[in-house]
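Chemist: Sharing a structure, written as structure tokens. Questions coming.
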Amino acid sequence: MVIKPKVRGFVCVTSHPAGCAAHVQEWIDHVKSKGPVKPGPRKVLVIGSSTGYGLASRVAAAFGSGADTLGVFFERPSEEGRPATPGWYNTIAFTEKARAAGLHAGNINGDAYSAEIKRQTLEHLKAHMGPVDLVIYSLASPRRVHPQTGAIHKSVLKPVGAPYTNKTVDTDKGLVTDITIEPATPQEIADTITVMGGEDWELWMEALAQAGLLAPGAKSVAYSYIGPDVTWPIYKNGTIGLAKNDLERAAKAIDARLRPGGGGAFISVNKALVTQASSAIPVVPLYISILYKVMKAAGLHEGCAEQMQRLFADELYGPQGPRFDEAGRVRLDDREMRPEVQAAVREIWPQVTTENLAATTDIAGYRSEFLKLFGFGLAGVDYAADVEPHLPML
């Protein structure tokens, strides 16, 4: 099967197994090039491990610290005439490389919010790994079936309190337009917090603790984003931001439970990057396109692998330990939020139009990174060749 990219809106509905493998290899190569992180984690559970920051965390743990890993994810295998999701191919590629390096790499595919997947995870740990010393929580989902009530909650990306109007870009067509987003209802706010807040992270940590599967001194990290004021109405002060506030609440509660044993939990505020999640947020793709142009020109740009390698080497297991801001968060967005970077973004923002999009932003870099998420545009991959899309999970 010859697989070509088919982009529909903010998602690509095809993915390339060889390209996904090449993308994972790029991340592995970067982490290995930075040398080992010692002492690093030995047994790591990554909840939401198949794409973006979750996958990069798994790569950093395995190839930066030689850790055994268990990944939990929700991906679709290939069907007749249709490739699998990129996370499926990413996980297979990671697993092959990790096992070839002599590391344990277990995989559980299913709804991480469910009690059943938590049960399968505990069983795998008991049988194959034992207690974990690091838990990465990196879920991004549009819906959650609550494990206790059975109710279906759906998250929304909306402002709170008032409509929000600003520029946005159709990254596929290159059209810069104004968009107005109506505010969320109280029910939509509550549902978004239920899906993307901290309750599920707490349930995971509770299940691991009750099963005796948290090693002494265990740590846990979840990921968040704050960004500049231009995105605050749709992000920091919007429904997703309120959910992230609840994630911070959960971090403090989990930290209080882990501290007596010498461990801890915190939020890492990461840099804005092209991910499947960020591509769906209005206004944010335009901001990222401008940000990439500014940060690349200043030699400050990082991708997922660079961010997570830095998290492990400098914060989680750095000689000084995690460095927190006034709210107790680690700030991996420190380079993005430098005053000179944000000043340059603010200067460019009002100038951007459809006609000058290519000149004023790095829309080309955005598109390239977007397609790489699905395994396209990787050097050394023959995209005209037949490939086998039906790969079994390892």
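Every number here is computed from the coordinates shown, using simple stated rules; none is lab data. What you see is a predicted model, and the numbers here were worked out from it, not measured in a lab. Neighbour counts are summed over all protein chains in view; Cβ atoms, including those assigned to glycine, are modelled from backbone coordinates with ideal geometry.
Chemist: Listing Asp246, Asp333, Asp229 from the residue with the fewest other Cβ atoms within 10 Å to the one with the most, what is the order?
Modeler: With the sparsest Cβ surroundings first, the list reads Asp229, Asp246, Asp333.
Chemist: Additional query: Kindly state, to the nearest 0.05, the FRET efficiency for Leu122 paired with Lys38, given R0 = 25 Å and r defined as their beta-carbon distance.
Modeler: Taking R0 as 25 Å, the efficiency between Leu122 and Lys38 is 0.30.
Chemist: Pick out, in residue order, every one of the trypsin sites (Lys or Arg not before Pro) in region 82-173 that is DSSP loop and has at most 11 other C-beta atoms within 10 Å; say none if there are none. Walk me through the numbers before you get to the answer.
Modeler: Working: sites: Lys97, Arg99, Lys118, Arg119, Lys126, Arg143, Arg144, Lys154, Lys167, Lys173; in loops: Lys173.
Loop-located and lightly packed - Lys173.
Chemist: Could you check what % of the DSSP bridge pairs in the chain are antiparallel, to the nearest 5? Intermediate results must be reported in sequence, preceding the final value.
Modeler: Details: 14 of 41 bridges.
Taking every DSSP beta bridge within the chain, about 35 percent pair in antiparallel fashion.
Chemist: Let me ask something additional. State, to one decimal in nm², a quarter of the convex hull surface area for the C-alpha atoms of region 3-147, i.e. the direction-averaged projected area.
Modeler: Mean projected area of the Cα convex hull: 9.5 nm².
Chemist: Listing Met205, Met1 from the residue with the fewest other Cβ atoms within 10 Å to the one with the most, what is the order?
Modeler: Least to most surrounded, the residues fall as Met1, Met205.
Chemist: Output the DSSP H helices from the chain with an along-axis C-alpha extent of no less than 18 Å and a mean Kyte-Doolittle hydropathy no less than 1.0.
Modeler: Counting only whole DSSP H runs, the qualifying helices are 284-297.
Chemist: Expected output is a single nm value to one decimal: the length gained when fully extending between Glu96 and Asp178, i.e. 0.36 nm times separation in residues minus the C-alpha distance. What is it?
Modeler: Working it through step by step, the gained length comes to 25.0 nm.
Chemist: Something else about it: Using the structure shown, list the pairs from Lys97/Lys173; Lys43/Lys271; Lys32/Lys252; Lys173/Lys372 with a Cα-Cα distance above 28 Å, or answer none. Kindly include the intermediate steps, with their values, before the conclusion.
Modeler: Values: Lys97/Lys173 37 Å; Lys43/Lys271 26 Å; Lys32/Lys252 32 Å; Lys173/Lys372 18 Å.
Distance filter (> 28 Å) returns Lys97/Lys173; Lys32/Lys252.
Chemist: Moving on. Per the helix-only calculation at 222 nm, which mean residue ellipticity applies to the chain, given -39500 (n - 2.57) for every DSSP H run of n ≥ 4 and division by its residues, nearest 500 deg cm²/dmol?
Modeler: -11500 deg cm²/dmol
Chemist: Continuing with the same structure: Rounded to the nearest 0.05, what FRET efficiency do Arg76 and Ile348 give with R0 = 45 Å and r taken as the Cβ-Cβ distance? Could you check?
Modeler: 0.75
Chemist: For the chain, report the convex hull volume of the alpha-carbon atoms normalised per residue, in Å³, without decimals.
Modeler: Roughly 142 Å³ of hull volume per residue.
Chemist: With +1 on the Cβ of every Lys and Arg and -1 on the Cβ of every Asp and Glu, and nothing else charged, how large is the dipole of the chain about its Cα centre, in debye rounded to the nearest 20?
Modeler: That gives a dipole near 540 debye.
Chemist: While we're on this one: Hey, fewest Cβ within 10 Å first, where do Ile108, Ile267 land in order?
Modeler: By the 10 Å Cβ count, ascending: Ile108, Ile267.
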